Amino acid sequence: MKKFRVGIVGLGHRGRYIVKLVKHSFECAEVVAACDIDPELWEKNQWQQSLPMKEQLPGVRFFENYDRMLEESELDLVLVETGADVHADFCIKALERNINVFSDIPSVANLAEAKRLWEAEQRSSARLMTGANPNEWGFVNAMVDLYNKGLLGEPYYMEAEYIHSSRNPGPANPLIVHSPWRKKLQPIRYCTHSLGPLLRITKEPLRYVICIGTGVHINPDAVKDDMQIALFQTESGVTIRLLRNGACRAFIGLHSYRVFGTKGYFERIDSRGNTPPAVRFRSDELYGADTITELPHLLMPNEYIENPNAGGHGGADYALFDHMFKAMTAGEDMPITLRDGLIMTLPGIYAVNSLKQGGAKVTIHYPWEPEFDADIKLIDEE
Ligand SMILES: NC(=O)c1ccc[n+]([C@@H]2O[C@H](COP(=O)([O-])OP(=O)(O)OC[C@H]3O[C@@H](n4cnc5c(N)ncnc54)[C@H](O)[C@@H]3O)[C@@H](O)[C@H]2O)c1
C-alpha cells in the first residue's frame, strides 16, 4: 500500500506531539519531512521529550525553510502546527501545490487571510482538514446523537466556557516562554474549542456578536483582558454565550457546555476540585428521561475505547487523524472542512471588533458571502 508522505511545519509543543502521533499510530502515513525556523527544536532535547526530535524521527529530513520542504519532499499532506496566529500562509502555499493540509486551530488570524485561504482551496485539487479536536470528543458525539434523534429538539440558547488556569511566564511554564502567541492572542479569538462542538448542532452560521472584556485586574503586565464574554446570535435568534479567560485564578475544569433545546436539555460541566466532570440531559421525547439523567462521561470516542493507539486530549487527537486518513484513502472530502473551520474561527475575529467598540453589535460574514469583501477593509483595518 502506498503511504501518504507527510511533512510538518512548526515543532513547538503541539507540533512535536502531533508528528509523533502520526508517525507511531498510522500505518498509512510516513513522516518524511519536518520544518521549523528554530533548528534547536530539531537538534536539542525539549521540554517533556526524552530525546531530541532528530533522534525520535530518524530518516526524516529537517528544513529551516518551508518553501524548500514543499519543493523537495513530494508531500501528500502537510501538518501546519505553527503558532495560533500564523497558519493561513503555510496552508495556502501547500494548497497551491495541491498538497493536502491538516491545519491546527484557529484557522485564520484575520478576514483577508480567510478570503485568500478560501480561494486557494477552491482553486486546489487538495483539501484542508481543520484540526478541531473537541469536535471529536465522545460526549460531543453523544450530544449530536441526542440532537439527531430529536431528543433535544432545536437548540435556541447555548453556553460554552473554556477556562484555562492562569499561566505566568517563567521556568515553571516553558510553554508560554516558547510560544509567543499564548501571551498576546485575544482570548475570545481562541473560540473554536467552544463553538466547534455547538455548531455541530446549529443549523445556521453565527450572524451577530457583541463582546465585552473585564480589563486587567490580576497581572498589571498582561496585554489582554482577564475575562472576555461574547454573545453570538444566528439570524433566527439562536444565541450562544461564550466565556474565555486571559488571566484567571479559578483552577476549574477547562471545557463546559450547556444546550437548551425546544424539547430537552444537555450539559457537560467540567470538573470542580474533587468533583469529576458530568454529562447530563433530559428530554420530552424519551420515556423515563423527563428528569435530569446522567450519561457516562466520555472523552474517548466510543469506537476507540479498545484501541491502544488512541490518545491525545482523551482520544480526540487520534480520532481527528483516523477520520482524516480514512477520508483521504476513500477520496472523500475532509471530515472537518475548511468551511467548518471558518464558521468556528471567524466569529472570534468579529468579536474582537465588537470588543474594540465597547460591545457594539457587529454583523458576521463569511468568505462565500458577497458582504465579506467590505468587512475585510472595515474589520481588519480597525
Ligand atoms: N487543538 C489543540 O488542542 C491544541 C493544543 C495546543 C496548541 N494548539 C495549536 O497548535 C498550534 C501550535 O501551538 P504551539 O503551542 O506548539 O505553538 P508554538 O508557538 O510553541 O510553536 C510554533 C512553532 O512554529 C515555528 N514557526 C513559526 N514560523 C515558522 C516558519 N516560518 N517556518 C517554520 N516554522 C515556523 C516556531 O518556531 C515554533 O517552534 C497553534 O495553532 C495552537 O493553536 C492546539
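How do the helices (runs of 4 or more DSSP H) wholly within the stretch 312-382 filter down when requiring 2 or more residues that are in the same structural domain as PRO106 (by TED's automatic domain parsing) and surrounded by fewer than 20 Cβ atoms within 10 Å (Cβ to Cβ): which remain?
Answer list for the stretch 312-382: 316-330.
Specify the residue that is farthest from GLN233 (Cα to Cα); the eligible residues are those in the stretch 206-217 that are part of a loop (DSSP other than H, G, I, E, B) and open to solvent by 50 Å² or more (accessible area, probe 1.4 Å).
HIS217
When you scan the stretch 1-30, how many residues do you find that are under 13 Å from LEU77 (Cα atoms), within 16 Å of the ligand (Cβ to nearest atom) and out of contact with any Phe, Trp or Tyr (no Cβ under 8 Å at 6 or more places or on another chain)?
The number of residues fulfilling the criteria is 4.
I need a count of the residues in the stretch 243-295 that are β-branched (Val, Ile, Thr), within 30 Å of LYS224 (Cβ to Cβ) and assigned to a strand (DSSP E or B).
Of the residues in the stretch 243-295, 3 are β-branched (Val, Ile, Thr), within 30 Å of LYS224 (Cβ to Cβ) and assigned to a strand (DSSP E or B).
What residue, among those in the stretch 120-141 that are away from the ligand (no atom under 16 Å from the Cβ) and among the hydroxyl-bearing types (Ser, Thr, Tyr), is surrounded by the fewest Cβ atoms within 10 Å (Cβ to Cβ)?
By that ranking, first place goes to SER125.
Might you check whether a residue that is farther than 23 Å from THR345 by Cβ, in contact with a strand residue (DSSP E or B) (Cβ under 8 Å, 6 or more places away or on another chain) and more than 16 Å from the ligand (Cβ to nearest atom) occurs anywhere in the stretch 250-260?
The answer is yes; a qualifying residue exists.
Can you find a residue that is buried (at least 23 other Cβ atoms within 10 Å of the Cβ), more than 10 Å from the ligand (Cβ to nearest atom) and assigned to a helix (DSSP H, G or I) anywhere in the stretch 55-67?
no
Out of the stretch 40-54, which residues are open to solvent by 70 Å² or more (accessible area, probe 1.4 Å) and within 15 Å of the ligand (Cβ to nearest atom)?
Across the stretch 40-54, the qualifying residues are GLU40, GLU43, LYS44, ASN45, TRP47, GLN48, LYS54.
Within the bounds of the stretch 99-119, is there any residue that is assigned to a loop (DSSP other than H, G, I, E, B), away from the ligand (no atom under 16 Å from the Cβ) and modelled with pLDDT of 95 or more?
no
Report, by residue number, each residue of the stretch 1-29 that is open to solvent by 80 Å² or more (accessible area, probe 1.4 Å) and free of Cβ contacts under 8 Å to residues at least 40 places away in the same chain.
Matches in the stretch 1-29: MET1, LYS2, LYS3, GLU27.
Take the residues in the stretch 68-88 that are part of a loop (DSSP other than H, G, I, E, B) and within 11 Å of the ligand (Cβ to nearest atom); name whichever of them is farthest from LEU11 (Cα to Cα).
ASP85
The values are calculated or read from the model by the stated rules, or taken from the named source; none is laboratory data. Computed from a predicted structure; not experimentally measured. Every residue, glycine as well, gets a Cβ built from its backbone with ideal geometry; the counts of neighbours run over all protein chains shown. Quick note on the areas: whole protein, heavy atoms, side chains included, nothing else; ligands and nucleic acids left out. Shrake-Rupley method; radii C 1.70, N 1.55, O 1.52, S 1.80 Å.
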